[in-house]
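Here is the structure we will look at, set down as structure tokens.
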Amino acid sequence: MRRLCTGDEGAFLEFYRRHQGGIYRYAIHMTGRPEAAADVVQETFLTLIRHAGKFDEEKGAPAAFLYGIARNHVRKLHDKESRYVALGDETSDCSMGNGAARSRNGNVPYSSKSGDAETVLEGLERAEAIQRLRDAVLTLPEHYREPVTLCDLEGKSYEEASTLLACPVGTVRSRLNRARSILLEKLRPSHAGAKALGVRLGGKA
């Protein structure tokens, strides 16, 4: 970060390689749209270039500073394009349904053998369950969605999430527990969705 503040291009490229993937995953789980996540990544690193001098190592790690920038851009995106997020929720089931139809029409290898057919169906059910879980996560309030994204979807520890979200570990735990309860309630009518949630959250309780 010190080198980046001096305009060192190599430092920026190194920082980008280290953190671009994590920022993109965070953004896509928060927005639900790849194009929106790509915009967040771009704006985050452009902001970093412009405001790297504002980083204060006494207030936190460089990654926390970067995630703070990303969080701000996600909030701006939600304020500006909330209607598109809602539209994405409505169309996700349609796209999943079309995907299932395409697989039966031959775009995904399908065998008439019962064992292979069961494997294909299990794969489709799992994909549908994961999609339902992702859709459910998108309906969470932001302060609940963030710890779920970081801890359950990205596998970060409570301490790491605490650092990135600039809040106490106890707050991360309580928000995460509440978020899990909300998700389980949302997915309760769907045994497949609830099972996927259990797999995703396994070992995190």
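The values are calculated or read from the model by the stated rules, or taken from the named source; none is laboratory data. Predicted model, so just to flag it, every value in this text is computed and none were measured. Neighbour counts are summed over all protein chains in view; Cβ atoms, including those assigned to glycine, are modelled from backbone coordinates with ideal geometry. Only protein heavy atoms, including side chains, enter the accessible area calculation; ligands, DNA and RNA are left aside. Shrake-Rupley method; radii C 1.70, N 1.55, O 1.52, S 1.80 Å.
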For segment 122-130, does any single residue satisfy the condition of being at pLDDT 90 or above, under 30 Å from Tyr67 (Cα atoms) and under 15 Å from the mean Cα position of the chain (by Cα)?
no
Residue in segment 183-203 that is modelled with the highest pLDDT, counting only those that are closer than 22 Å to Arg25 by Cα and buried (at least 16 other Cβ atoms within 10 Å of the Cβ)
Leu183
For segment 1-48, enumerate the residues that are of a type in the set (A, V, I, L, M), in a helix (DSSP H, G or I) and touching a helix residue (DSSP H, G or I) at 6+ places or on another chain (Cβ under 9 Å).
Leu4, Ala11, Ile23, Ala27, Ile28, Met30, Ala36, Ala37, Ala38, Val40, Val41, Leu48
Select from segment 136-161 the residues that are among the small types (Gly, Ala, Ser) and open to solvent by 20 Å² or more (accessible area, probe 1.4 Å) and write down the one among them that is modelled with the lowest pLDDT.
Gly155
Going through Glu43, Glu57 one at a time, which residue ends up being farther than 30 Å from Thr139 by Cβ, charged (D, E, K, R) and touching a residue at least 12 places away in the same chain (Cβ under 8 Å)?
Glu57
